[in-house]
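Chemist: The structure follows.
The values are calculated or read from the model by the stated rules, or taken from the named source; none is laboratory data. Keep in mind that this is a model prediction, so the values were computed, not measured. Please note: Cβ atoms are built from the backbone with ideal geometry, for glycine as well, and neighbour counts cover all protein chains shown.
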Amino acid sequence: MAPVIPEREEAALPAESKADQAYRILREGLGRGEFLPGHRLVIDQLVRAHDISSVPWREAIRRLEAERWVEIIPNAGAVVRPVGEDERRSTMRILARLEPLAIALAADRLTPTDLTQARELNKDARRALADFDAARHAALVRDLRSLLRSRCPDARLVAMVDEEALRLELADRVSPAHAPGRVAASFDEHAELLDLIDAGASPERIEAVAREHLERTLGALEATSALG
């Protein structure tokens, strides 16, 4: 069940430039998993596929390079950057600090429908794990976390969390991280967090519980990496 993420009200924006359109297409492709680490971004192919000339694509790729989504490799061109283990851990540390705050700020804005949907996502994720469907399980957990932070009023904070969450998702699509014992425990921890939100717990309490959950996962991954 795909979550219904509430839309934010935004002021009217100026018309999108061709470079901005090219950049949006590439970022959306990253989000859908269309462009995985190691994928070559061939400008001629992009021109034919989207009827946008080469100059906007080059501008968009330079922007992605500055944001560390893409690297330029001699004789290969623009390639989606791989996410190494050090960067994965760094990304998880950032998420462990920022995402709990976003969830805490969103908590009192989540509707009963949001919470019902979040509980269903948690149940579906548990079923996916029981069915050995790791890809569906991971997608459902991402949807759950995205839903919980979706009503955060701090748009800049949400953008930062979304950026790091996407970076982690790309890493996991290529080389899923394993934290023995953590996956099964996470369902009960998500349920506890949802109960706190439903009961109107303080933002400080919600943030602390969400942070403990993510830090335990990070600790388990780091321990597994050290053993390897």
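Chemist: Of all residues in the stretch 25-66, which are touching a residue at least 60 places away in the same chain (Cβ under 8 Å) and in a loop (DSSP other than H, G, I, E, B)?
Modeler: G33, L36, P37, G38
Chemist: Right, something else. Taking the stated definitions as given, is A78 small (G, A, S) and either in contact (Cβ under 8 Å) with a residue 40 or more places away in the chain or at positive phi (or both)?
Modeler: no
Chemist: Checking the conditions here, which among V161, V183, V141 is in contact (Cβ under 8 Å) with a residue 24 or more places away in the chain, under 13 Å from P100 (Cα atoms) and buried (at least 18 other Cβ atoms within 10 Å of the Cβ)?
Modeler: Criteria check complete, one pass: V161.
Chemist: Residue check, L168 against (1) on the phi < 0 side of the Ramachandran plot; (2) over 18 Å from the mean Cα position of the chain (by Cα), all met but one. Which one?
Modeler: Here L168 clears every test but (2).
Chemist: Residues A155, A134: which one is aliphatic (A, V, I, L, M) and either within 21 Å of E28 (Cα to Cα) or without any contact (Cβ under 8 Å) to a residue 24 or more places away in the chain (or both)?
Modeler: A155
Chemist: Which of the residues belonging to the stretch 96-110 are in contact with a helix residue (DSSP H, G or I) (Cβ under 7 Å, 6 or more places away or on another chain), part of a helix (DSSP H, G or I) and at pLDDT 95 or above?
Modeler: Those that are in contact with a helix residue (DSSP H, G or I) (Cβ under 7 Å, 6 or more places away or on another chain), part of a helix (DSSP H, G or I) and at pLDDT 95 or above: L98, E99, P100, L101, A102, I103, A104, L105, A106, A107.
Chemist: Here's something else I'd like to know. Looking only at the stretch 186-202, count every residue that is among the charged types (D, E, K, R), surrounded by 18 or more Cβ atoms within 10 Å (Cβ to Cβ) and either under 26 Å from G31 (Cα atoms) or modelled with pLDDT of 95 or more (or both) and tell me the total.
Modeler: Adding up the residues that qualify gives 0.
Chemist: Another one. Criterion first (touching a helix residue (DSSP H, G or I) at 6+ places or on another chain (Cβ under 8 Å) and of a type in the set (D, E, K, R)) does E120 satisfy it?
Modeler: In short, no.
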